[in-house]
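Some notes on the structure that comes next.
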Amino acid sequence: MSSRALRITLIVLTLLGLAVASYVTYVHYAGIKPACTSGESCTKVQTSRYAELEGVPVALIGLIGYVAILLTLLAPDGENTRFALAGLTVGGFAFSAYLTYRELFSIHAICEECASSAVIMTIMMCLAVWRFLRGEAPPGLAATSAAGQSAAPDPAAPLSSAS
Amino acid sequence: MLYPTELRGRVQICNMVPYLDALEQKSVKVASMSPVESDEDLTRKQRREQARADRKAMEEAAAAAIVRRNRLTQLGVVGAIVVVAVVVILIATSGGSKAPPKVNSPVAKGNDAAVAQLLTGIPQSGNVLGNPTAPITLQYFGDLECPICAKFTLGSLPTVIPKWVRTGKLKIEYRSLSTATGNAEASGAEPKEIFKDQQVAALAAGKQNKAWDFIETFYHEQGEEDTGYVTEKFIQEIAKQVPGLNLSTWTADRSDPLLTTQVTATDAQAANNNGFTGTPSFLIGRTGGAMSKLEYTNPEDPTFINEAVEKLLKE
């Protein structure tokens with residue numbers, strides 16, 4: 001996948017996640033019942049004590065996370081932003097994993113919004129980690145690293161600038 | 001062309017060896033020291049270019065490998081931090097079982113005083129708090145283990161009860177809807193049984209017109225959700241804190257099948273009919289008239305009740 005296509009895919013996924021997180025955050029603060037096809041399980045999850053972490057709704061944490069991810073995706077493509085994205089999605093994935101654990105083993109109910117966010121976050125983490133480790137070099141970075149290589153034959157030189 | 005192939009072979013070997021930079025430079029040196037074998041300038045130049053290209057490709061490959069390794073390390077550090085963070089969150093949210101305060105302990109006495117101050121002098125009948133002829137009725141669907149119900153009971157009722165109930169304008173009916181208790185993971189017994197036991201225990205106190213003393217005390221001493229703290233002993237400790245409750249009568253009344261029906265059938269059905277899935281949920285209306293749902297955003301802010309009562313009083 002070209003770096004452009006990958007970035008667009010990631011942006012689309014982030015917007016989906018952002019929509020889900022915004023909806024759940026709204027539901028939390030408005031005190032209304034979330035849309036749910038499986039009866040009361042969404043309400044059960046979203047009114048449980050695990051819906052808040054030290055008084056902060058987990059939906060809001062997710063919303064902030066997706067906004068941060070979107071910002072790193074909209075920033076110029078480069079080593080640092082790719083690292084930031086990979087780091088954020090790994091964090092997001094771990095948090096989703098924790099929440100899913102709580103749903104399955106503590107609350108014994110699954111909330112559809114939470115599950116969709118977890119799936120989105122998992123796909124995003126895979127893409128972001130792959131992009132950071134092995135993805136096609138971003139257009140800007142490829143040019144500079146090539147220039148660095150020809151100017152300094154010592155292979156350590158471009159590396160130190162990259163790390 | 002033997003030599004270039006041989007060189008290329010050496011270069012490939014070098015490729016697998018660490019510190020290939022130094023080794024590879026050596027092999028280039030060897031090439032320049034044997035001019036006898038060269039045919040003409042052009043091929044020598046080509047050979048040199050080939051060697052340079054090979055070297056460059058190797059350098060780039062080596063550089064890319066190191067970059068990848070560095071990135072993997074960076075990501076590994078992030079991963080380790082994330083794992084630690086999740087473990088901390090898991091531990092922080094797991095919360096050990098909080099023992100309820102002992103009867104006659106300072107905490108329990110403080111709770112008893114608060115409950116007495118709130119309720120003394122207000123008529124009670126069964127699950128109803130307030131003047132039976134009050135013009136407005138509020139139905140409160142709750143689960144005694146539900147933390148949001150505790151927030152409502154401790155946050156809003158201390159305003160609502162003196163303002164509307166004590167003045168005879170509002171009566172509150174406590175009804176049962178299983179939420180937090182039904183969700184319980186840690187309870188040894190069946191959550192449904194515990195829910196029935198604790199809610200029936202409150203209604204049994206209601207047979208002596210002390211249901212609200214039991215309910216208020218329970219919410220004041222509510223433990224950590226999902227820790228299985230509500231045991232038979234816990235329920236009895238709450239009952240012992242209710243002033244003037246005849247414990248043997250209360251114990252006998254707990255097996256009244258009508259109370260079980262009230263909790264598991266009548267109230268559950270009413271909640272279901274109104275589409276209630278969370279607690280606390282409320283119905284409000286003129287006494288004997290149609291009841292309508294009362295929504296809220298902050299259970300600790302009594303404004304939603306105040307506004308609804310004021311509106312109904314004007315009708």
Of the candidates B:V88, B:V107, the one satisfying the condition of being within 28 Å of the chain's Cα centre (by Cα), surrounded by fewer than 18 Cβ atoms within 10 Å (Cβ to Cβ) and farther than 30 Å from A:G87 by Cβ is B:V107
Look through B:L203, B:L157 and report the one residue that is at pLDDT 95 or above, surrounded by fewer than 24 Cβ atoms within 10 Å (Cβ to Cβ) and out of contact with any Phe, Trp or Tyr (no Cβ under 8 Å at 6 or more places or on another chain). B:L157
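Mind listing whichever residues of the range B:229-244 are among the aliphatic types (A, V, I, L, M) and either at pLDDT 95 or above or closer than 18 Å to B:S105 by Cα (or both)?
Matches in the range B:229-244: B:I235, B:I238, B:A239, B:V242.
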Name every residue in the range B:122-149 that is under 21 Å from B:E307 (Cα atoms), within 14 Å of another protein chain (Cβ to nearest Cβ) and out of contact with any strand residue (DSSP E or B) (no Cβ under 8 Å at 6 or more places or on another chain), in order of residue number. B:I148
For the range A:13-35, how many residues meet the condition of being β-branched (V, I, T), surrounded by fewer than 19 Cβ atoms within 10 Å (Cβ to Cβ) and assigned to a helix (DSSP H, G or I)? 1
A careful count of residues in the range A:36-54 that are surrounded by fewer than 17 Cβ atoms within 10 Å (Cβ to Cβ) and either in contact (Cβ under 8 Å) with a residue 12 or more places away in the chain or more than 14 Å from chain B (Cβ to nearest Cβ) (or both) gives 2
Would you confirm whether or not the range A:63-75 contains a residue that is at negative phi, more than 17 Å from the chain's Cα centre (by Cα) and outside any helix (DSSP H, G or I)? no
Could you list, in sequence order, the residues of the range B:134-154 that are charged (D, E, K, R) and either buried (at least 20 other Cβ atoms within 10 Å of the Cβ) or over 28 Å from the mean Cα position of the chain (by Cα) (or both)? B:D143, B:E145
In this structure, is B:T264 among the β-branched types (V, I, T), surrounded by 12 or more Cβ atoms within 10 Å (Cβ to Cβ), assigned to a loop (DSSP other than H, G, I, E, B) and at pLDDT below 95? no
Just one of (1) assigned to a helix (DSSP H, G or I); (2) at pLDDT below 95 trips up A:A109, so point out which. (1)
Going through (1) hydroxyl-bearing (S, T, Y); (2) over 20 Å from B:P147 (Cα atoms); (3) buried (at least 19 other Cβ atoms within 10 Å of the Cβ) one by one, A:Y101 fails only at (3)
Could you please tell me which pairs satisfy a Cβ distance under 6 Å, a separation of 6+ or placement on different chains, a first residue in the range A:114-135 that is free of Cβ contacts under 8 Å to residues at least 60 places away in the same chain and within 23 Å of A:L104 (Cα to Cα), and a second residue that is assigned to a helix (DSSP H, G or I) and not aliphatic (A, V, I, L, M)? A:A118/A:S96; A:A118/A:T100; A:T122/A:F93; A:M125/A:T89; A:M125/A:F93
Quick check: anything in the range A:2-12 more than 17 Å from A:S96 (Cα to Cα), outside any helix (DSSP H, G or I) and touching a residue at least 24 places away in the same chain (Cβ under 8 Å)? yes
Across the range A:90-109, the tally of residues that are touching a residue at least 40 places away in the same chain (Cβ under 8 Å) and either more than 20 Å from B:L90 (Cβ to Cβ) or facing chain B (nearest Cβ under 9 Å) (or both) stands at 4
Within the bounds of the range A:27-34, is there any residue that is of a type in the set (A, V, I, L, M, F, W, C) and facing chain B (nearest Cβ under 10 Å)? yes
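The values are calculated or read from the model by the stated rules, or taken from the named source; none is laboratory data. These numbers were taken from a predicted model, which means no experiment stands behind them. Here the Cβ is made from the backbone with ideal geometry for all residues, glycine too, and neighbour counts use every protein chain on show.
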